[in-house]
Amino acid sequence: MRLLEHQAKQLLSGFGIPVPRGLVCRDAEAAAAAWDQIGASAGGLVLKAQVPIGKRGKGGGVSVVRSRAHAEDAASALLQMTVGGFAVTEILAEELVPISAELYLSVLTDTSPAHPRPLLMISARGGMDIEELAAAAPDSLYRLHADPAYGLHPYQARDLARRSGLSVEGQGALTKIIGATYRAYWESDAELLEINPLALTTAGDLVAVDAKVTIDNAARGRHPDIKGAEIDSVETRAAAMGLSYVELEGDIGLISNGAGLTMATMDHLALLGGRPANFLDTGERILRGGIADGMGLLLSNPRVNAVLINVFGGGVRCDVIAQKIVEAVGALPAGHLPVVATLHGRNEEAGRAILSEAGLDGLWAPATIQEALETVVKLAAQRSGGGGGNELPAAERGTGS
């Protein structure tokens, strides 16, 4: 779950990390009010589009204003923009911070070791994108792993602070912020918490001028008070349906039951030269509209050229699933994408008979998984090459239509 900047800063502020004064604005009048409350005394406002991506400045999503009228005009322009494919519906109006130096500070879950653990990074060269910083000045980025069993020790926080190039007084304040940053990361079940830049003001204070936070989706239930960006995506729609879905870049849509079977099917498709368009595990929803809902998700992807349904009837009965498939495919419009279905497990013969006898055009029901995989790969290849609809040689169409 990705937090918008103002949501991330609210989280940081709750752990005692200084952030600029700011207001969330959804219209130009609110930006003018923010000038009256904050900008006039600060000598300026920074208006930032609230979208769940980085590099907003390069996309025109950040404006510095120095008058009330300018704040209204800039806010009106920002609220009509699309930044990184996201429509701007709200902006963060913050006081203009007088900066004398910029640091980089982050904590993330490092999954590269055998045992994943928190990784803290700090650099005296903040304000740059971390990938650019690592490429341009790798020696300026200091890394330190924390033991998840014991947390971040005070001496480790002090060691990180010494790498900042700040004065002794500044290092003391930074040590406290590093400790608070780690606590925010750990107690919020974050996957990433990044402050960039962590600014040293001309008055000698440290302020989190920008922040990026990503919360582990699996931990959302433990943090009902943390609200993330509302992103309309296929993944979020699938999650609302109770389906596990991840969109990929291939052209063969896949519906299966069980994560292991789904991933194994993807591997076999790849071995045959096919390219899976998604991971979709229906889970227990396979008996409650999971096939039909999954089909709707797959057909909304313009890259999909064919669909494979691979179900193992361990607990569920294949004849029941076959009827669900017939209902879902039968509801599709004429000339729909080819659908290949293969069922194995309890009552698989009865299930295949239901599929075969349904007489649905564009539905294939091969007898074996291997035949099903080969069939869907060929169908997808034919359509991507413009070569002829749903037709395969009769011997290759299994027991289907």
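Rule-based calculations on the coordinates, nothing more; no lab input. Just so it is clear, the structure is predicted and the values come from calculations on it, not from any experiment. Cβ placement follows ideal geometry from the backbone for every residue including glycine, while neighbour counts extend to all protein chains displayed.
Let me know the shape class of the stretch 21-96, please: from the alpha-carbon gyration tensor, a ≥ b ≥ c as square roots of the eigenvalues, rounded when a/c is under 1.5, otherwise prolate if a/b is greater than b/c, or oblate.
Judged from the Cα gyration tensor, the stretch 21-96 comes out prolate (a/c at least 1.5, a/b above b/c).
For A137 and T368, what does the FRET efficiency come to when R0 = 41 Å and r is the distance between their Cβ atoms, rounded to the nearest 0.05?
Computed FRET efficiency for A137 and T368: 0.15.
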**Prompt:** Scanning the chain for GluC sites (Glu not before Pro) in DSSP loops with at most 13 other Cβ atoms within 10 Å, what's the longest stretch left with none?
**Reply:** 1-229
**Message:** What do you get for the angle between helix 5-14 and the principal long axis of the chain? Use alpha-carbon atoms, 0 to 90 degrees, nearest ten.
**Reply:** 60 degrees
**Contact order relative to length of the stretch 234-396, as percent, for alpha carbon pairs under 8 angstrom and 6 or more apart** = 21 percent
**Request:** Per DSSP H run of at least 4 residues, take -39500 (n - 2.57); add these up for the chain, divide by its residues and hand me the 222 nm value, nearest 500 deg cm²/dmol.
**Result:** -10000 deg cm²/dmol
**Message:** Considering just Cα atoms, how many Å³ per residue does the convex hull of the chain enclose?
**Reply:** 173 Å³
**Item:** Per-residue Cβ neighbour rank within 10 angstrom, fewest leading, K9, K378, K176, K55
**Value:** K55, K176, K378, K9
**Asked** Can you list the residues of the stretch 34-57 with backbone N under 18 Å from a point 7 Å past the Cα of L96, pointing along Cα to Cβ?
**Response** 34-49, 57
**Prompt:** Points 7 angstrom from Cα along the Cβ direction at R288 and I53: gap in nanometres?
**Reply:** 3.6 nm
**Request:** Once you have all Cα-Cα distances for the stretch 146-200, histogram them in 5 Å bins from zero and send the whole-percent values.
**Result:** 4, 18, 29, 26, 15, 7, 1
**Request:** Measure nothing but the geometry: give the 0 to 90° angle between the long axis through the Cα atoms of 259-271 and the longest principal axis through the Cα atoms of the chain, rounded to 10°.
**Result:** 80 degrees
**Relative contact order (percent, whole number), the stretch 41-187, Cα cutoff 8 Å, 6+ residue spacing** = 17 percent
**Item:** Summed side-chain charge close to D251 - residues other than D251 whose Cβ falls under 15 Å, Lys, Arg +1, Asp, Glu -1
**Value:** +2
**Asked** Can you give the extra length, in nm with one decimal, that the chain gains between L192 and S13 once fully stretched, where that is 0.36 nm per residue apart less the Cα-Cα distance?
**Response** 62.8 nm
**Prompt:** Between V168, V65, V107, which gets the highest mean-square fluctuation from a Gaussian network model of the chain, Cα cutoff 10 Å?
**Reply:** V168
**Prompt:** How far, in nm, would the chain grow between L272 and D159 when pulled straight, counting 0.36 nm per residue and subtracting the alpha carbon separation?
**Reply:** 35.4 nm
**Request:** May I ask you to derive the FRET efficiency for E327 and S300 from their Cβ-Cβ distance with R0 = 22 Å, giving the value to the nearest 0.05?
**Result:** 0.70
**Asked** Listed here are the pairs K176/K212; K9/K227; K55/K212; K48/K176; which of them are more than 21 Å apart at the Cα?
**Response** K48/K176
**Sorted by Cβ neighbour density within 10 Å, fewest at the top, the residues Y150, Y185** = Y150, Y185
**Request:** Before anything else, pin down the relative contact order of the stretch 21-96: Cα pairs under 8 Å, at least 6 apart, normalised by residue count, whole percent.
**Result:** 47 percent
**Request:** Take the Cα atoms of the stretch 234-396, find their three principal axes, and give me the spread along each one in whole Å, biggest first.
**Result:** 38, 35, 31
**Request:** Calculate how steeply helix 348-357 sits against the longest principal axis of the alpha-carbon atoms of the chain, using the helix alpha-carbon long axis, and give the answer as 0 to 90 degrees to the nearest 10.
**Result:** 80 degrees
**Request:** Once every Cα of the stretch 225-289 carries one equal point scatterer and solvent is ignored, give the base-10 log of I(q)/I(0) from the Debye formula at q = 0.17, 0.25 Å⁻¹, two decimals.
**Result:** -0.63, -1.05
